[in-house]
Amino acid sequence: QVQLVESGGGLVQAGGSLRLSCAASGSSFSANTMGWYRQAPGKQRELVADITSGGSTNYADSVKGRFTISRDNAKNTVYLQMNSLKPEDSAVYYCNVQIKFLSKIVNLPWGQGTQVTVSS
């Protein structure tokens, strides 16, 4: 029913750029905060950036100044512009909605993500 599909990953050299897209279907998330997450092999999934329904953004310290999250509610799509990529940015990148439930933030089931590999 509800699906989030990530795309735009690939192999780039350090210092390069990629633009990831997250297309949502089955529901509109214009009223929700959307986030980009990543998970590198052997590591926990981490929040990279999120954006509220009003356009306020939040970034992990590791990507501040390099990544930009944006959204196009008309297209039900969230983007992550990644510049000045570093090898440590290599991971599978996922998008998801942040749903406030009671005192917690919950996500939908995770999709396949899109692989980002940054060569040194």
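The values are calculated or read from the model by the stated rules, or taken from the named source; none is laboratory data. Keep in mind that this is a model prediction, so the values were computed, not measured. A quick note on method: Cβ atoms are made from the backbone with ideal geometry, for glycine too, and the neighbour counts reach across all protein chains shown. We work out accessible area using only protein heavy atoms, side chains counted, and drop any ligands, DNA or RNA first. Shrake-Rupley method; radii C 1.70, N 1.55, O 1.52, S 1.80 Å.
Odds and ends about this structure:
- With respect to (1) in contact (Cβ under 8 Å) with a residue 12 or more places away in the chain; (2) in a loop (DSSP other than H, G, I, E, B); (3) within 24 Å of Ser120 (Cα to Cα), the lone exception for Val92 is condition (2).
- Residue list for the range 1-24, restricted to those being modelled with pLDDT under 95, part of a strand (DSSP E or B) and open to solvent by 50 Å² or more (accessible area, probe 1.4 Å): Gln3
- The set of residues in the range 108-120 that are assigned to a loop (DSSP other than H, G, I, E, B) and loosely packed, with under 14 Cβ neighbours inside 10 Å comprises Pro109, Gln112, Ser120.
- For the range 25-55, the set of residues classified as assigned to a strand (DSSP E or B) and among the aromatic types (Phe, Trp, Tyr) consists of Trp36, Tyr37, listed by residue number.
- For the range 25-40, the set of residues classified as at pLDDT 95 or above and of a type outside the set (Phe, Trp, Tyr) consists of Thr33, Met34, Gly35, Arg38, Gln39, Ala40, listed by residue number.
- Matching residues in the range 62-82 - criterion: being outside any strand (DSSP E or B) and within 17 Å of Tyr94 (Cβ to Cβ): Ser62, Val63, Asn76
Per-residue answers, yes or no, for (1) more than 10 Å from the chain's Cα centre (by Cα); (2) surrounded by fewer than 11 Cβ atoms within 10 Å (Cβ to Cβ):
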| position | (1), (2) |
| --- | --- |
| Arg45 | yes, no |
| Gly65 | yes, yes |
| Asp72 | yes, no |
| Asn83 | yes, no |
| Cys95 | no, no |
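- Checked against (1) open to solvent by 50 Å² or more (accessible area, probe 1.4 Å); (2) hydrophobic (A, V, I, L, M, F, W, C); (3) in contact (Cβ under 8 Å) with a residue 24 or more places away in the chain, Ile105 passes all but a single condition, namely (3).
- Number of the exception - Gly65 against (1) out of contact with any strand residue (DSSP E or B) (no Cβ under 7 Å at 6 or more places or on another chain); (2) within 12 Å of Leu4 (Cβ to Cβ): (2)
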